[in-house]
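Here the structure comes first, spelled out in structure tokens, and everything after it is commentary.
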Amino acid sequence: MKTPCIIIMRDRISHLRLCIASLEESGAELDIHIVDHGTTWEEALPFLNGSRYPVHFCGDQPPRSLWEWPGLAEIVGDRPYLVTDPDVVLDPDCPDDWLSQLADHLTHGALVKAGLGLRLDDLPPTPLAAKAREWEQYFWAERAPEQAWRAPVDTTLALYPPLSRQSGFALSPAVRLDAPYLLRHLPWYGDLDPGETAYYRAHALPGTSHWINGGW
């Protein structure tokens, strides 16, 4: 049975394309759904309207409102499910069994989610990358069993237990897998489309991400 995989989307179509391609190339058996939270970027709308995957338009809502959306239960039923932002891709060195690794950690721990770590050692020499390394160091401090770290996980790619075990959003308790089970956070590597990035920043909902304006 395929694992539901929900990609939370707003305006960042260049990232969404890469995220979907990465998930497809991973070979994981996924039931991909795109949940759009108010995209108005004109260049994104044709892709969303013609997507081969279901697109659910939820209006001008913050990403974490996903867990208040009745459609979530219709998609995932009583199965474990993945949720991710569109601006991450699987690292090229991430093994193909990443999904089963997440499932093993979720099964053996009293966790609200199990996510992949974020790669830091190949970031470009930019101020944003330096802030990313500084911020992320706190999430690589407490070891968990079986090649993982105890750390909160926001809406980067993670596996969640069935809704019968967890009905709302929470950051922790959670684990992030260690290398080589990593993601690349695309904004840390530079703009894919400066015009799109400028539009996204101008129209993002308050509190969506502290990386929108260059990090804290």
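Nothing in this text is a laboratory measurement; each read-out follows from the coordinates by a stated rule. In this text the structure is predicted, and so the values were computed from the model without any measurement. Methodologically, a virtual Cβ is constructed for each residue, glycine included, from the backbone with ideal geometry; neighbour enumeration extends over all protein chains shown.
Quick notes on this one:
- Charge dipole (debye, nearest 20) of the range 98-143; +1 at Cβ of Lys and Arg, -1 at Cβ of Asp and Glu: 80 debye
- The label point for Asp78 and the one for Gln147, both projected 7 Å from the Cα toward the Cβ, are 3.2 nm apart.
- R0 of 22 Å, Cβ-Cβ distance Trp67-Phe139: FRET efficiency to nearest 0.05: 0.50
- Each label was represented as a point 7 Å from its Cα along the Cα-to-Cβ direction; for Leu171 and Ala21 these points are 3.3 nm apart.
- Placing a pseudo-label 7 Å from each Cα along the Cα-to-Cβ vector at Lys2 and Tyr53 gives an inter-label distance of 1.0 nm.
- Backbone N within the range 38-54 under 12 Å of label point (7 Å from Asp193 Cα along the Cβ vector): 40-48
- Estimated from helices alone, the mean residue ellipticity of the chain at 222 nm is -7000 deg cm²/dmol (sum of -39500 (n - 2.57) over DSSP H runs with n ≥ 4, per residue).
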